[in-house]
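Peer 1: My questions all concern the structure below.
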Amino acid sequence: GGGTFETDFHPNPGLGASYASYEAQFYSLMKNQDPNILIGIPVADGVYSWLADWTLPAMQAAQYDAVVYHDYPIHDPITDGQSLYPERRASNVGRTRGSLLALQTELLNVHKSPDAIWITEWNANANGDQWSLQTMGAVMPMVAMTMLAEYMQAGVQYATWYGQGMSDDCSLFNYDKNGDSAYNWWHCGGSFLTYTGPLGSETVVGLKAGDITPTARAFQILSESGFVTEGEHMLRVFTDLQNAPWLSAYAATHGSSYEVILINRDRDNAHTVPIQLAGQSGRQIVQQWTYGRAQYDQTRNGN
């Protein structure tokens, strides 16, 4: 691999065909122990670029229930404002939606289900670059919500946040001061979702042990609203990118009704958004979950 932490001691290291030859035995032994266990194999699309002969041979010859994908949508430090526009920003692995479509095509080409994708790292930046997403700012929950919605739109079965438990403090390590322009009063960065207590290297931010971070609000809203309820499916949403480029939106079925996510990417202005449901009239939104500047500002007061 690119470093000693992922060294392959098998013959012909770093080759997908070689991996598939011994992975099949592992797969068989695991299934014999527990037929219900699910096994994923890693794919190297974009992220592990030195493994040029890995993904397709492995997908063709290995045995697996899903592929494990790492999505690092930002490589170079950029401002928070830009990070809210996945359809505009440049990326070292391609834009998220396009990357997932390509991976789905690869799965179909080897006669696998296009939703057999697990994403196990997706919030940090590649190669230890600066945390340009500003994970303690008000923008990050909107980025997290966007990413999770994109994964659901693509049918991804599993997407887990990367970083909790590794560095649970708000520090200046890899902090991008140039990315502070959107909305982040902490002036430090951290990828954790739950604060575990003060550490020596951190900037004092007034959090108490057990407090959740702004980023965690995205997970909380998705969970409490039932947007990710099992058995429902995502719907196609059309927004006015010309007249309202600040708006991004997602929707899903919810029993006999619908759920809609509206994300206002305009830092300085609130907007009223008309919603039309195809084939429906006279419906009202009966319950709302909100996280934004008003809620974020309360953190200055320890709330």
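Peer 1: Suppose we filter 116, 126 for residues that are modelled with pLDDT under 75 and open to solvent by less than 30 Å² (accessible area, probe 1.4 Å); which single one remains?
Peer 2: 126
Peer 1: Still on this structure: Read through the list (1) under 22 Å from residue 297 (Cα atoms); (2) touching a residue at least 60 places away in the same chain (Cβ under 8 Å); (3) in a loop (DSSP other than H, G, I, E, B), then give the number of the only condition that residue 269 fails.
Peer 2: The single condition residue 269 does not satisfy is (2).
Peer 1: Kindly check whether there is at least one residue in the range 140-148 that is closer than 24 Å to residue 294 by Cα, of a type in the set (S, T, N, Q) and at pLDDT 75 or above.
Peer 2: Checked the range 140-148: at least one residue is closer than 24 Å to residue 294 by Cα, of a type in the set (S, T, N, Q) and at pLDDT 75 or above.
Peer 1: Sticking with this structure for a sec: Kindly provide the set of residues from the range 267-303 that are modelled with pLDDT under 85 and under 21 Å from residue 239 (Cα atoms), ordered by number.
Peer 2: 267, 268, 279, 280, 281, 282, 283, 284, 285
Peer 1: Can you name the residue in the range 228-266 that is touching a helix residue (DSSP H, G or I) at 6+ places or on another chain (Cβ under 8 Å) and in a loop (DSSP other than H, G, I, E, B) and, of all such residues, is surrounded by the most Cβ atoms within 10 Å (Cβ to Cβ)?
Peer 2: My answer is 265.
Peer 1: It is to be established whether one or more residues within the range 222-239 are hydrophobic (A, V, I, L, M, F, W, C) and free of Cβ contacts under 8 Å to residues at least 12 places away in the same chain.
Peer 2: Scanning the range 222-239 turns up at least one residue that is hydrophobic (A, V, I, L, M, F, W, C) and free of Cβ contacts under 8 Å to residues at least 12 places away in the same chain.
The values are calculated or read from the model by the stated rules, or taken from the named source; none is laboratory data. Note that the structure is a prediction, hence the values are computed from the model and not measured. FYI the Cβ positions are ideal-geometry reconstructions off the backbone, even for glycines, and counts take in every protein chain you see. Note: areas computed on protein heavy atoms with side chains; ligands, DNA, RNA excluded. Shrake-Rupley method; radii C 1.70, N 1.55, O 1.52, S 1.80 Å.
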